[in-house]
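Colleague: Structure provided below as structure tokens; questions to follow.
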Amino acid sequence: MKISSFEHYKQVYQQSVSQPEQFWEGVAETFQWRKKWDMVLEWNFKEPDIKWFQGGKLNITENCLDRHLETDGDRPAIIWEPNDPTEDHRVLTYKQLHDKVCQFANALKNNGVQKGDRICIYMPMIPELAIAVLACARIGAVHSVIFGGFSAQSIADRIQDAECKVVITADGGFRGPKDLPLKSVIDDALVQCPSVKRVIVLTRSRTPVSMIKGRDVWWEDEIKKVETQGNPDCPAEEMDAEDMLFILYTSGSTGKPKGVVHTCGGYMVYAGFTFDTAFQYNKGEVYFCTADIGWITGHSYIVYGPLSQGATAVMFEGVPTWPDAGRFWDIVDKYKVNILYTAPTAIRSLMSFGTDLVKSHDLSSLTKLGSVGEPINEEAWHWFDENVGKGNCPIVDTWWQTENGGFMISPIAGVTPLKPGYASLPLPGVQPVLVDENGKEIEGNDVSGNLCIKFPWPGMLRTTYGDHERCRQTYFSTYADMYFTGDGCMRDADGYYRITGRVDDVLNVSGHRIGTAEVENAINMHSSVVESAVVGYPHDIKGQGVYAFVISPDKHENEDLTRKDILMTVSRIIGPIAKPDKIQFVSGLPKTRSGKIMRRILRKIAEGDVSNLGDTSTLLDPGVVDEIKAGAL
Ligand code: PRX
């Protein structure tokens, strides 16, 4: 939606919350439906039961591909930049992407994939990942993309939870100087996954792989079969608005990661609308989102959002610091990128290399910048603004979550007056509220509280796969009739929102969500660990680091060796992204008489703020606190 001024935003916002159904109906009409909906919205936050555009029929890939063919068929849809800058880049026009999606969708069908089947995708950041995602959506199969940094055990947990029938992977992938042995990790995972009948393997790294007879097939061979069948087209499956589109696993404060479920109609409308509105995207602009498709940001803002709007998206296989820390600037220069959407952790990491590499590239094509994943500290905001945006590019600091499907609180580029560190104001149709511990709404400005959303939006999660009660408990039970985000937030005197971070036991490490309980469970798997407690602490680059307090009476004499063993255990159980930055061995943990770990105290010690630990008199053994303080790293 094009918004011409701040006044215009305020008007649209007012109208969107006073008549939300009318508002979203207008937005949905800008998409292509096979059949129009009978009812815009039916909802309650108790069960919860949320239905948008009921009775509507569509296929999201017709909106992302087919509808652009006539006018924009030759426009680049994806520009792919390889990890190794000496390898050739690739450009896929809308027409070419459409053809490849249809081809692979037919290959999936040849392999027995049907509407509703769950398909696990574990691939590097190459165009075939987007093709695989879209091919699933084309035929109504539900994709569950797993980030390439997760371990075999994490993959197995996710495949089992969703009972995936097929896995799509590659022999290996490249990330900076590293080779990722993807197929081999999948083979380890599949030992525990009887539901998987077929593995489709793309050739990328030419790493030797073991192809299991009867189960594993090569992507390229399957495409050849489709070619010899001589029917390149694959008509899109007609989907109900509320049919499942995908599952994406995300961590919470308890238990194993849960499968957030998004549905076809509402998610499409929301991803497309928010992309267009926040970035004020104009056809022809080159847009570069640096996220990985393994996370929600890649789903909504590399694949579905931009493609639904006919945009040109740059997709990058590698990392910002390889072969050197000028890689983003090379890409901006090479493809004349207009919109750069990245994360505070990447900005902080690049800041540490100074400004020479930024200055030696031509970044004059940039007109808009974006940030996502965690609160952006003011220093990083100003560095990004001055050195990358040259003081001329609005920074849209987009606050949202996997469960939201798309941006919730965000400036509108060129419209909303900016404040560094503030996600600013809700997008049209989004109704945030701050509440106190009792769930009472805190009205007025210059206040802080827990961030909730009091009215549905089309991109919200519908359930957590296979366990609706968990969805209710996690998001809808803390406060009556509201969706609880898990974030703390302040609203300043101007009504601007500033997210202050999670208020639950969830860490945000380099923009990745990690549950402390999950890391503790992994650490506790190590044979010499009795108990552990994990908290976050401020980390210069990652935003938050992982600090583990570990009781390990039989550790080796060489503590460092035990630390390494524990790190290896966490890598095996979750993946390298969850490895603690610090491990402190302790003889006990501060617990209340009822056995609850006082994390508040551990958090303060991890933060290095030991002057005021508050009341420790309720602890079972207050002496343990002095010992932990003395041994803090
Ligand atoms: O704490 C908030 C933080 O990231 C959490 C959501 O994580 P995830 O579902 O993995 O999605 C990340 C990408 C959308 C939120 O609860 N967060 C995300 N964006 C921001 C943010 N915190 C502050 N400002 C942001 N712009």
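Colleague: Residue-wise, which Karplus ³J(HN,Hα) couplings in Hz belong to segment 586-596, taking 6.51 cos²θ - 1.76 cosθ + 1.60, θ = phi - 60°, and x for glycine or proline?
Modeller: 3J(HN,Hα) across segment 586-596, in whole Hz: 9, 8, x, 10, x, 10, 6, 4, 8, x, 8.
Colleague: Now for a separate question. SER195 to GLN15: FRET efficiency via 1/(1 + (r/R0)^6), r the Cβ-Cβ distance, R0 30 Å, to the nearest 0.05?
Modeller: Plugging the Cβ-Cβ distance into 1/(1 + (r/R0)^6) gives 0.05.
Colleague: Calculate, for ASP481 and ALA632, the FRET efficiency according to 1/(1 + (r/R0)^6) with r their C-beta to C-beta distance and R0 45 Å; round to the nearest 0.05. Display every interim value, and only then the final one.
Modeller: Values: r = 43 Å, r/R0 = 0.95.
The computed FRET efficiency comes out at 0.60.
Colleague: Of ASN438, VAL546, THR355, which is farthest towards the positive pole of the chain's charge dipole, taken about the Cα centre with +1 and -1 on the beta-carbons of Lys, Arg and Asp, Glu respectively?
Modeller: VAL546
Colleague: Same structure again: Taking the mean number of other Cβ atoms within 10 Å as a proxy for protection, how do you rank 435-442, 19-26, 282-289 from highest to lowest? Walk me through the intermediate numbers first.
Modeller: Values: 435-442: 12.4, 19-26: 15.8, 282-289: 18.6.
Answer by packing, highest mean first, reads 282-289, 19-26, 435-442.
Colleague: Determine the dipole magnitude for segment 449-502: charges of +1 sit on the beta-carbon of Lys and Arg, -1 on that of Asp and Glu, nothing else is charged, the reference point is the Cα centre, and the result goes in debye to the nearest 20. The partial results should precede the final answer.
Modeller: Working: 7 positive and 6 negative charges, 15 e Å.
The calculated dipole for segment 449-502 is roughly 80 debye.
Colleague: Continuing with this model, one more query. Go through LYS419/LYS454; LYS10/LYS390; LYS178/LYS579; LYS334/LYS368; LYS165/LYS213 and tell me which ones have a Cα-Cα distance over 19 Å in this structure.
Modeller: Values: LYS419/LYS454 25 Å; LYS10/LYS390 28 Å; LYS178/LYS579 17 Å; LYS334/LYS368 17 Å; LYS165/LYS213 16 Å.
Over 19 Å apart, Cα to Cα: LYS419/LYS454; LYS10/LYS390.
Colleague: Counting only helical runs of four or more DSSP H residues, what would the 222 nm mean residue ellipticity of the chain come to if each run contributes -39,500 (n - 2.57) and the total is spread over all its residues? Walk me through the numbers on the way to the answer.
Modeller: Details: 19 runs with 182 residues, N = 633.
Roughly -8500 deg cm²/dmol at 222 nm, from the helical runs in the chain.
Colleague: Separate question: In the chain, what percentage of the DSSP-assigned beta bridges are antiparallel, given to the nearest 5? Show your work: numbers first, answer last.
Modeller: Details: 58 of 98 bridges.
Given both bridge residues lie in the chain, the antiparallel proportion sits at roughly 60 percent.
Colleague: If you roll a 1.4 Å probe over segment 506-630 with all protein chains in place, what percent of the accessible area is carbon or sulfur? Before the final figure, lay out each step's value.
Modeller: Values: 2860 of 5790 Å².
The value for segment 506-630 is 49 percent carbon and sulfur by accessible area.
Colleague: Here is a follow-up. Once label points are set 7 Å from the Cα along Cα→Cβ at both ASP49 and GLU441, what is their separation, rounded to one decimal in nm?
Modeller: Placing both labels 7 Å along Cα→Cβ, they lie 2.4 nm apart.
Colleague: Given bins 5 angstrom wide, list per bin the percent of all Cα-Cα distances in segment 567-611, short to long.
Modeller: 5, 18, 17, 19, 21, 15, 4, 0
Colleague: Give the aspartates and glutamates whose C-alpha is closer than 13 Å to that of LYS183, dropping any in the same chain fewer than 8 places away, or say none.
Modeller: By straight Cα distance, LYS183 reaches ASP171, ASP216.
Colleague: Under the classification rounded if a/c is under 1.5, otherwise prolate if a/b is larger than b/c and oblate if not, where does the chain fall, given a ≥ b ≥ c as square roots of the Cα gyration tensor eigenvalues?
Modeller: On the way: a/c = 1.44, a/b = 1.20, b/c = 1.20.
Rounded, because the longest to shortest axis ratio a/c is under 1.5.
Colleague: With every protein chain present, what accessible area does THR616 have (1.4 Å probe, heavy atoms only), rounded to the nearest 10 Å²?
Modeller: Approximately 40 Å² for this residue.
Colleague: Over the chain, calculate the relative contact order: mean separation of alpha carbon pairs under 8 Å at least 6 apart, over the residue count, as a percent. Let's see the in-between values first.
Modeller: On the way: 1382 pairs, mean separation 79.7, N = 633.
The value is 13 percent.
Colleague: How far, in nm, would the chain grow between LYS224 and MET39 when pulled straight, counting 0.36 nm per residue and subtracting the alpha carbon separation? Could the numbers behind the result be given before it?
Modeller: Numbers: separation 185, 0.36 × 185 = 66.60 nm, distance 4.38 nm.
Length gained between LYS224 and MET39: 62.2 nm.
Colleague: If you stretched the chain out fully between ARG90 and ASP188, how much longer would it get, using 0.36 nm times the residue separation minus the C-alpha to C-alpha distance? It would help to have the intermediate numbers written out before the result.
Modeller: On the way: separation 98, 0.36 × 98 = 35.28 nm, distance 3.17 nm.
Going from the current span to full extension adds 32.1 nm.
Colleague: Extending each Cα 7 Å along its Cβ direction at SER594 and SER617, get the distance between those two points in nm, one decimal.
Modeller: 1.9 nm
Colleague: If you put +1 on each Lys and Arg Cβ and -1 on each Asp and Glu Cβ, how big is the dipole of segment 369-523 around its Cα centre, in Debye rounded to 20? Intermediate results must be reported in sequence, preceding the final value.
Modeller: On the way: 11 positive and 22 negative charges, 94 e Å.
The calculated dipole for segment 369-523 is roughly 460 debye.
Colleague: Further, regarding this structure: Of GLY255, GLN473, VAL185, whose Cα points farthest to the positive end of the dipole of the chain (charges on the beta-carbon: +1 Lys, Arg; -1 Asp, Glu; origin at the Cα centre)?
Modeller: Value computed over the given set: VAL185.
Colleague: Sort LYS213, LYS51 by accessible area with a 1.4 Å probe, largest first. Write down the numbers at each step before the final one.
Modeller: Working: LYS213 195, LYS51 65 Å².
Largest to smallest exposure gives the sequence LYS213, LYS51.
Colleague: Which length gain, in nm to one decimal place, applies between ASP333 and SER210 when the Cα-Cα distance is subtracted from 0.36 nm times their residue separation? It would help to have the intermediate numbers written out before the result.
Modeller: Values: separation 123, 0.36 × 123 = 44.28 nm, distance 4.05 nm.
Gain on extension, ASP333 to SER210, equals 40.2 nm.
Colleague: Given a cut-off of 32 Å, name the pairs among LYS57/LYS258; LYS35/LYS95; LYS256/LYS336; LYS555/LYS596 whose C-alpha atoms lie farther apart than that in the structure shown.
Modeller: Details: LYS57/LYS258 28 Å; LYS35/LYS95 25 Å; LYS256/LYS336 42 Å; LYS555/LYS596 25 Å.
The answer is LYS256/LYS336.
Colleague: If you take the alpha carbon radius of gyration of segment 506-630 and divide it by 2.2 N^0.38 Å, what ratio comes out, to two decimals? Present the calculation step by step, with values, prior to reporting the outcome.
Modeller: On the way: Rg = 14.1 Å, N = 125, 2.2 N^0.38 = 13.8 Å.
Ratio of Cα Rg to 2.2 N^0.38 Å: 1.02.
Colleague: Pull up all non-local amide H partners of VAL586: gap of 5 or more, or a different chain, and H-to-H distance under 5 Å with H placed in the peptide plane.
Modeller: VAL550, ILE551, SER552
Colleague: Report the charge-dipole magnitude of segment 1-80 in Debye, nearest 20, computed about the Cα centre from +1 at each Lys and Arg Cβ and -1 at each Asp and Glu Cβ. Please list the in-between numbers first.
Modeller: On the way: 10 positive and 13 negative charges, 9 e Å.
Dipole magnitude for segment 1-80 comes out near 40 debye.
The values are calculated or read from the model by the stated rules, or taken from the named source; none is laboratory data. Because the structure is predicted, anything quoted here is derived from the model rather than measured. Methodologically, a virtual Cβ is constructed for each residue, glycine included, from the backbone with ideal geometry; neighbour enumeration extends over all protein chains shown. Only protein heavy atoms, including side chains, enter the accessible area calculation; ligands, DNA and RNA are left aside. Shrake-Rupley method; radii C 1.70, N 1.55, O 1.52, S 1.80 Å.
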